[in-house]
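Single-structure report; data block below.
The values are calculated or read from the model by the stated rules, or taken from the named source; none is laboratory data. Keep in mind that what you see is a predicted model, and the values were worked out from it rather than measured. Note that we place each Cβ from the backbone using ideal geometry, even for glycine, and neighbour counts take in every protein chain shown.
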Amino acid sequence: MLSAYLVRMIENHAEDLTREVLDDLAHNPRTPAWHALSRDEIHRRVYDLYHNLGHWLADNSEESVERSYDRLGRERFHEGVPLQEVVFATTLVKEHLRNFVRHAGVVYSALELHREVELNLMVGHFFDTALFYTVKGYEDARTEAAAKTLAMPGRTGR
C-alpha cells in the first residue's frame, strides 16, 4: 500500500522541491548546458512531476511515461543539451525527492517504514522508466537528425 500521506506531502511541497532542483541545476558544474535553458520551462516540468507524483505512480501506465519522456528527450536533443547532462539532471530530480522523503517522513512504526521503502521502490521504478524513454527519445532524435543531414543534396554517406 502506497503511503498517501508521503505522496501528499511531496505534492504539497512541490514548489520548494522544484526551487531546490532549479538552483542545483543552475549551479552544478555537471549541468552547464542547463544554465542557458528557460528556467520557466524547466520549472514547469519539474513542478508537474512533483505536484502530480501520485497520479504518475498510481497510473502505472508505461505508455503515458513513454509519451512524456520520449518528448522530453527529443526536446533536450534539439536544445543541444548533452545526453550525460540530461541523465544527471534526471538523477538530481530523483535524489532531491528521495532526500525530502528521508528527512520529512515521520516513521513511528514498522508499517510506516514499510510504506516509505515501498514509495522509494515505486519512485525508483518510475524514474528508471522515465530515464529509459528520455534516452530513447534523445537517441531517436539524434538518429533522425543524422538521417536528414545525410539526405541533404550534395551530401554523401562518407
Flagged in the stretch 34-54 as surrounded by 13 or more Cβ atoms within 10 Å (Cβ to Cβ) and either under 20 Å from R98 (Cα atoms) or among the small types (G, A, S) (or both), in numbering order, are I42, H43, R45, V46, Y47, D48, L49, Y50, H51, N52, L53, G54
Heads up, the helices (runs of 4 or more DSSP H) in the stretch 48-158 (entirely inside) with at least 2 residues that are of a type in the set (D, E, K, R) and more than 21 Å from V21 (Cα to Cα) are 62-78, 110-151
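Table: residues versus (1) within 26 Å of E15 (Cβ to Cβ); (2) at pLDDT below 90; (3) not polar (S, T, N, Q).
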{"site": "V101", "(1), (2), (3)": "yes, yes, yes"}
{"site": "A104", "(1), (2), (3)": "yes, yes, yes"}
{"site": "V107", "(1), (2), (3)": "yes, yes, yes"}
{"site": "E112", "(1), (2), (3)": "yes, yes, yes"}
{"site": "N120", "(1), (2), (3)": "yes, yes, no"}
{"site": "D128", "(1), (2), (3)": "yes, no, yes"}
{"site": "F132", "(1), (2), (3)": "no, no, yes"}
{"site": "G137", "(1), (2), (3)": "no, no, yes"}
Going through the stretch 52-95 in order, the residues found to be under 13 Å from E11 (Cα atoms) and under 13 Å from the mean Cα position of the chain (by Cα) are N52, L53, W56
* Within the stretch 25-33, is there a residue that is free of Cβ contacts under 8 Å to residues at least 24 places away in the same chain, surrounded by 13 or more Cβ atoms within 10 Å (Cβ to Cβ), aliphatic (A, V, I, L, M) and over 17 Å from K94 (Cβ atoms)? -> yes
